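Scroll down for the structure; my scribbles are underneath it.
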Amino acid sequence: FPSHDKEIVVTNLLLKDPEITLYTNGAGKVNWNPGTAGQTAEGNNTSPAAAPVAMPDNFLLSDIKIENGTLIYNNEQSKQLWTVKKLNLDVELNKEMLLAFQGDGEWNDQPLKVDVNIDTLQHFLNGKSTKIKGDLKGNLVALSVNGVWDNNLYTGKLDGKISSIKDFKSWVMPGGKPITQELPSLFAISGDAQCSTTFCHIANSSIKRLS
């Protein structure tokens, strides 16, 4: 076993068919941050023993691959349950804690591709401010973001295209009331966004009909 003054470097880690669950209970406590067991999803401490995650200085995990994974997001507080299937990701994490991942998956029977960069993973896990830039592309939507993630809230630029509002709503809200009126098929939208997992407000927005 290596001594504490030696650097531990894991250059490759392959996860085949993993099932990863991100869980928030009714009180807002999350399971993905072991150092904040007494912290709510909004970042408020409910226990004086809560401590931020500290990544070991002598440990480096640089290259992670996920093959055919399943990602489950279960939030009992907001009544959200998302499942991403057939997840294939290449994940890079450097010494400065810059996290980058690219890959594809399937959500609600629609294929998606993602390309995301998070400036500081440790800040992200601890609910502190960190820069985030990413692209999401699928058959129904293409989104690009460039801003800051702070306390489970994204603030920054958003640019996107939606191929069909009716199909998009049925995709993201499969149990909701369908849109019956006729609508233009292709829109582009851009603006200054403030988004969480439950809402998205766009100011100074520009909406264009493309077809």
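The values are calculated or read from the model by the stated rules, or taken from the named source; none is laboratory data. Values in this document were obtained by computation on a predicted structure and should not be read as measured data. All Cβ positions, glycine included, derive from the backbone under ideal geometry; neighbour counts span all protein chains shown.
Hey, among 172, 116, 91, which residue is surrounded by 16 or more Cβ atoms within 10 Å (Cβ to Cβ) and within 20 Å of residue 195 (Cα to Cα)?
From the options 172, 116, 91, the qualifying one is 116.
Quick check on segment 1-47: of everything there that is at pLDDT below 50 and in a strand (DSSP E or B), which residue is surrounded by the most Cβ atoms within 10 Å (Cβ to Cβ)?
39
Within segment 119-151, restricting attention to residues that are touching a Phe, Trp or Tyr at 6+ places or on another chain (Cβ under 8 Å) and surrounded by fewer than 16 Cβ atoms within 10 Å (Cβ to Cβ), which residue is modelled with the lowest pLDDT?
That would be 129.
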